[in-house]
Protein chains: 2
Amino acid sequence: MVKELDEKNEALPDHVGWRLWQASRAWQAEFGAAMRAAGHAWFTEARAGLLGHIPRGGTRQSALIERSATSKQAVQQLLDGLEAEGVLERLPDPRDGRGKLVRYTRKGLDALRDGDRVKLQIEHDYVSRIGRHRFAALMDALRSLDAGPADGSQEAPETK
Amino acid sequence: MVKELDEKNEALPDHVGWRLWQASRAWQAEFGAAMRAAGHAWFTEARAGLLGHIPRGGTRQSALIERSATSKQAVQQLLDGLEAEGVLERLPDPRDGRGKLVRYTRKGLDALRDGDRVKLQIEHDYVSRIGRHRFAALMDALRSLDAGPADGSQEAPETK
DNA sequence: TCCATATAGTCAAGATACTTGACGATAGTC
DNA sequence: GACTATCGTCAAGTATCTTGACTATATGGA
C-alpha cells in the first residue's frame with residue numbers, strides 16, 4: 001500500500017524533548033568512546049551517570065542515593081561494579097556506624113582527569129561547529145531550565 | 001536534620017554533556033508520566049525512542065533499524081512488545097518478500113495524538129520558565145548541533 | 001534506660017533493555 | 001542454477017534497574 005511516501009523522509013520529530021535526547025545521546029556516545037579509547041574499558045553510561053554525582057572528595061553513599069534519581073539498590077549495584085573495577089572504594093563512615101563513605105581510588109582519579117580533558121575537547125568541537133554565541137546561549141538556556149522549575153521570574157542565577 | 005559538615009555542596013558537573021543529560025532525563029520523565037497518566041500504561045522511554053523513528057504513515061522495519069542507533073535485534077524486541085500491546089502491527093511488505101511494514105494501529109495513533117498534546121504542554125511550560133527568547137535560542141542551538149557535525153561553515157568563527 | 005521509629009546498607013529475585021551469534025528465507029546478480 | 005547480500009527471526013547472555021525483605025545502627029522520647 002505504501003508507495004514512496006515512506007521513503008521520502010517523512011518528518012522526524014523536532015521538539016525540545018527529541019532534540020535534547022538526540023543531543024544527549026550523541027554527547028554520551030562521543031564521550032564514552034573517547035574514554036574507552038583512553039584505556040578506561042570499564043566506562044559505561046550508567047556508571048558515568050553515577051560518577052557525575054560523586055565529587056572528587058568523595059561522598060556518603062546515602063547522599064549519593066539522594067542526588068541520583070534512582071533506587072538505593074540500583075546505586076549499590078553500580079557501586080559494587082565500580083568498586084570491583086577498582087575505580088572507587090567504600091570505607092565505613094567514622095561518624096555513623098550505619099553509613100559508608102565512597103571515595104575515588106587512584107585509578108578513579110586518573111579517569112576523572114581524562115574525563116575533564118575529553119569534555120574540553122568535545123566542548124571545543126561544539127563551539128567550532130555552532131559558534132561561540134550559540135554555544136553560550138545553549139548553556140544559558142539549559143542552566144535556566146535546571147534552575148527554575150518553580151520560579152519563573154528569575155534570570156540565570158550567579159555562576160557559582 | 002542533616003549535619004552540614006561534609007554537605008558543603010561540592011560542585012556538581014556543569015558542562016554541556018551533563019546539562020543535556022539532565023535536561024533530557026527531566027523531559028522524558030515528565031513526558032512519560034503524563035503519557036501513563038493519560039492511560040498509555042505501556043509507555044516506556046525505550047519504546048518512545050523507537051516510536052520517534054516511526055512516521056505516522058508507517059515504515060519498513062529495515063528502515064527503522066537504520067534510523068535508530070541500535071541493533072536490529074533490539075529493534076525487533078521492542079517491536080515485539082509494541083505489537084503485543086496493540087500499538088503497532090507488522091504486515092508483509094508487498095514489494096519485498098523478505099521485508100515487513102510497521103504501522104500504527106488505532107491505539108497507536110491515539111497515543112501519538114496524546115503525545116502531541118503533552119509535548120505542547122511541556123513546551124509551553126518551558127517557555128514560561130525560561131522565556132520565549134531563551135527557548136528559541138535553545139532550539140536553534142540544538143538544531144545547529146544536529147545539522148552540522150562535519151561542516152563548521154554556518155557561522156563565522158568569530159573567535160575572540 | 002528502654003522502646004519505638006527512622007535511617008543506612010545489603011541480599012535476593014525478577015523485569016526491561018540491549019548485545020552477540022547463528023540461522024532461514026528472499027532478492028539481486030551473473 | 002549458483003553466489004552473495006539483505007531482511008527478519010530465534011536463542012542465549014549481560015547490564016541496568018525495580019520491588020520486597022532483612023540486619024544493624026541511630027535518634028528521640030517516655
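Is it fair to say B:Thr70 is of a type in the set (Ser, Thr, Tyr) and facing another protein chain (nearest Cβ under 7 Å)? It is false that B:Thr70 is of a type in the set (Ser, Thr, Tyr) and facing another protein chain (nearest Cβ under 7 Å). Looking only at residues of the range A:58-80 that are within 11 Å of DNA strand D (Cβ to nearest atom) and within 17 Å of the chain's Cα centre (by Cα), we find that the one that is surrounded by the most Cβ atoms within 10 Å (Cβ to Cβ) is A:Leu79. For the range B:88-115, a residue qualifies if it is closer than 13 Å to B:Leu51 by Cβ and surrounded by 18 or more Cβ atoms within 10 Å (Cβ to Cβ), and the qualifying residues are B:Leu88, B:Val102, B:Arg103, B:Tyr104, B:Gly108, B:Ala111, B:Gly115.
Criterion first (open to solvent by 30 Å² or more (accessible area, probe 1.4 Å) and either acidic (Asp, Glu) or in a helix (DSSP H, G or I) (or both)) does B:Ala26 satisfy it? Judged against the criteria, B:Ala26 is a match. Does B:Leu20 fit the bill of being among the hydrophobic types (A, V, I, L, M, F, W, C), surrounded by 13 or more Cβ atoms within 10 Å (Cβ to Cβ), more than 9 Å from chain A (Cβ to nearest Cβ) and farther than 30 Å from A:Arg95 by Cα? Against the criterion (among the hydrophobic types (A, V, I, L, M, F, W, C), surrounded by 13 or more Cβ atoms within 10 Å (Cβ to Cβ), more than 9 Å from chain A (Cβ to nearest Cβ) and farther than 30 Å from A:Arg95 by Cα), B:Leu20 does not qualify. If you go through the range A:92-115 and keep only what is acidic (Asp, Glu) and within 16 Å of DNA strand D (Cβ to nearest atom), you end up with A:Asp93, A:Asp96.
For the range A:134-160, the tally of residues that are modelled with pLDDT of 50 or more, more than 13 Å from B:Val16 (Cα to Cα) and open to solvent by 50 Å² or more (accessible area, probe 1.4 Å) stands at 3. Quick one: would you say B:Gly81 is within 16 Å of DNA strand C (Cβ to nearest atom), at positive phi and in contact (Cβ under 8 Å) with a residue 12 or more places away in the chain? So B:Gly81 fails the test. Which residue pairs have Cβ atoms closer than 9 Å, lie 6 or more positions apart in sequence or on different chains, and pair a first residue in the range A:89-108 that is basic (Lys, Arg) with a second residue that is assigned to a loop (DSSP other than H, G, I, E, B) and within 8 Å of DNA strand C (Cβ to nearest atom)? The qualifying pairs are A:Lys100/A:Asp93.
The values are calculated or read from the model by the stated rules, or taken from the named source; none is laboratory data. Predicted model only: the values in this text are computed from it and were never measured. Methodologically, a virtual Cβ is constructed for each residue, glycine included, from the backbone with ideal geometry; neighbour enumeration extends over all protein chains shown. These accessible areas exclude ligands, DNA and RNA; they are computed on the full protein's heavy atoms, side chains included. Shrake-Rupley method; radii C 1.70, N 1.55, O 1.52, S 1.80 Å.
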